[in-house]
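What follows is a single structure, written as structure tokens, with notes after it.
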Protein chains: 2
Amino acid sequence: MISYHFGGKEGLYSSVLQEQFSCFEDIEEIKTQISDPLIKIEDYIRWTITRHRNNPYLLRYYTSELTNPTKYFTSLVQPAIRKVILFLIEVVEDGIAKNLFRKDLDPVDTVLAMAGMVNYYFLSMLATQDLINHSPDREEELIRHYMDIFARGILGCQRNSTI
Amino acid sequence: MISYHFGGKEGLYSSVLQEQFSCFEDIEEIKTQISDPLIKIEDYIRWTITRHRNNPYLLRYYTSELTNPTKYFTSLVQPAIRKVILFLIEVVEDGIAKNLFRKDLDPVDTVLAMAGMVNYYFLSMLATQDLINHSPDREEELIRHYMDIFARGILGCQRNSTI
């Protein structure tokens, strides 16, 4: 059956990869919105959370391909990840151009920080089960905390205003 | 040979895991320093970068155990990760208590954001090779960018001071 429908185990694996990474296409919906760079970042965080909630095995394939790539990495995985990263770089560059974000911000480092922050929440789940409530009910609170950190930094206002 | 020295494949795997995660013990060195919470965060970032540079396969075992745990996860992997996360939670709580960090900061969310940021830089390497220079020469610059994001947020000072 597997060999008939998918052309063997390898074909099956590439089908699974394609299905798992198809959700990355939806970045187009955020991309075409006319909105503030900060709102686009929030949309990206919300979208990433939804991707992990809807695809509980996504991180398994995602991290496996990034740390131990198969021959499908270049054709199926890398383009999906790059598309999102390149979109976020544009958002950060737009924010800098609009004087909304710091001029000395490095767009790529910033984007990797952002993507890492939200993906790690899901990656670390098994190790942090008793430290944090991972329920979807807390999602808006989590998004608010992440946006707060990203938009204001962790220092108080007083200290921020003197930098 | 393998079966003599390690008690079979399983024993070998647990030896490799133990070796890979032994570097997590070094968190004690940062822990015992008497220093500003912000300096401890910078030390953590620098230490994590060193861990990944010295152990190129660490992320492979780390992500594999988190997304597809073996029977060794609970005894070998979880305690190593928890130790670091609990230490960072203490650092953030200390920063809040000292009025250095925002009162409304959620310590656990903040720590996961921090750990995610620095780990993802290494996790995403294969997908971002042409977007960023991953050379160790750029490390101090990277640490500065991550500290900037974390300590000040991505908005300019003017905006920060009005929040």
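The values are calculated or read from the model by the stated rules, or taken from the named source; none is laboratory data. Just so it is clear, the model here is predicted, and its values are computed rather than measured. All Cβ positions, glycine included, derive from the backbone under ideal geometry; neighbour counts span all protein chains shown. Quick note on the areas: whole protein, heavy atoms, side chains included, nothing else; ligands and nucleic acids left out. Shrake-Rupley method; radii C 1.70, N 1.55, O 1.52, S 1.80 Å.
Being among the aliphatic types (A, V, I, L, M) and open to solvent by 30 Å² or more (accessible area, probe 1.4 Å) is the filter here; which residues of region B:9-25 pass it?
Result: B:12, B:16.
Cβ-Cβ below 8 Å, separation at least six or inter-chain, first residue in region B:138-163 and within 20 Å of residue A:37 (Cβ to Cβ) and more than 7 Å from every other protein chain (Cβ to nearest Cβ), second at pLDDT below 50 and crowded, with 17+ Cβ neighbours inside 10 Å: which pairs?
Taking only residues 6 or more apart or on different chains, not a single pair turns up.
Within region A:54-110, track down each residue that is open to solvent by 10 Å² or more (accessible area, probe 1.4 Å), among the polar types (S, T, N, Q) and facing chain B (nearest Cβ under 9 Å).
Residues satisfying the conditions are A:64, A:67, A:68, A:78, A:99.
I need a count of the residues in region B:55-79 that are among the β-branched types (Val, Ile, Thr) and in contact with a helix residue (DSSP H, G or I) (Cβ under 6 Å, 6 or more places away or on another chain).
Summing the residues that are among the β-branched types (Val, Ile, Thr) and in contact with a helix residue (DSSP H, G or I) (Cβ under 6 Å, 6 or more places away or on another chain) in region B:55-79 gives 3.
Out of all the residues in region A:78-92, is one or more at pLDDT 90 or above and touching a strand residue (DSSP E or B) at 6+ places or on another chain (Cβ under 9 Å)?
Checking region A:78-92: at least one residue is at pLDDT 90 or above and touching a strand residue (DSSP E or B) at 6+ places or on another chain (Cβ under 9 Å).
So how many residues does region B:44-70 have that are more than 14 Å from residue A:62 (Cβ to Cβ) and either in contact (Cβ under 8 Å) with a residue 12 or more places away in the chain or among the basic types (Lys, Arg) (or both)? It would help to see each step written out before you state the result.
First, pick out the residues of region B:44-70 that are more than 14 Å from residue A:62 (Cβ to Cβ): B:44-58, B:61, B:65, B:69-70.
Those left that are additionally either in contact (Cβ under 8 Å) with a residue 12 or more places away in the chain or among the basic types (Lys, Arg) (or both): B:44-49, B:51-55, B:57-58, B:61, B:65, B:70.
Matching residues across region B:44-70 total 16.
Tell me which residues, restricted to region A:38-52, are of a type outside the set (Phe, Trp, Tyr), open to solvent by 10 Å² or more (accessible area, probe 1.4 Å) and out of contact with any strand residue (DSSP E or B) (no Cβ under 9 Å at 6 or more places or on another chain).
Passing the criteria: A:39, A:40, A:42, A:43, A:46, A:50, A:51, A:52.
Within region A:11-49, which residues are small (Gly, Ala, Ser) and not in a helix (DSSP H, G or I)?
A:35
Looking at (1) more than 7 Å from every other protein chain (Cβ to nearest Cβ); (2) within 23 Å of residue B:104 (Cβ to Cβ); (3) of a type in the set (A, V, I, L, M), which is the one condition that is false for residue A:125?
Just one mismatch for residue A:125, condition (2).
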